[in-house]
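Down below is the structure, laid out as C-alpha cells.
Coordinate-derived values only; no laboratory data. Fair warning: this is a prediction, and the values are worked out from it, not measured in the lab. Cβ coordinates were reconstructed from backbone atoms using ideal geometry, including for glycine residues, and neighbour counts include every protein chain displayed.
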Amino acid sequence: MPTYLYTCGKCDDTFERVVLVVQRNRPQSCSRCGQMANRDLIAEQADTGSGRAKGWATGLESAALGVHPDQVPSERARLKKVTGRDVEFTPMGNPVFHSRGERKAVAKACGMLDLDGGYGDA
Ligand SMILES: [Zn+2]
C-alpha cells in the first residue's frame, strides 16, 4: 500500500500513513494529538526527493514555489517584506518551510492558494 502525508490542523504535525489508495483522501487521526488530519498534497509534492516524510521540524522543500537560484536573494528580500518571515531556500532555489503557517504565508505571497490538502479546514 502507498504512503500518504497528512497535516494536522490542530497541532501542525505532519505524519505519513500507509493507506489504501481508495481511502487516501479520508482524514486520518493525528499521531500526536488525535485530531482528524487532512491529506497534505503540498507536503507530498515537497517530499518527492527523499520519498519519506520529513515533517516540519527538518523543513519541507517546495518545488512548486521555487525560483531560479539567481533569484533567491531578491525573492528572500521580497518575502521578508511581504510576509515578515526570513524564508530558507535550498541552493536549487526551492523554499524550505518549517511550519504550515510559513508555507501558507509564502504561498499567498506568491499568488498561490494553500488549500490545506484540499479538504478545507482553512
Ligand atoms: Zn495533531
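Here is how the numbers come out for the structure above:
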| item | result |
| --- | --- |
| For the stretch 68-79, Karplus couplings with θ = phi - 60° (6.51, -1.76, 1.60), whole Hz, Gly/Pro x | 5, x, 5, 8, 4, x, 6, 5, 4, 5, 5, 5 |
| Estimated distance in nm for a label pair at Thr3 and Met92, the labels positioned 7 Å out from Cα along Cα-to-Cβ | 1.8 nm |
| Order of Val67, Val87 - criterion: other Cβ atoms within 10 Å of each residue's Cβ, fewest first | Val67, Val87 |
| Inter-probe distance in nm under a simple model that places probes 7 Å from Cα toward Cβ, at Met112 and Val21 | 2.6 nm |
| Amide proton proximity set for Val67, modelled H, under 5 Å, gap of 5+ | Asn94 |
| Peptides 24-31, 68-75 ordered by average Cβ neighbours within 10 Å, highest first | 24-31, 68-75 |
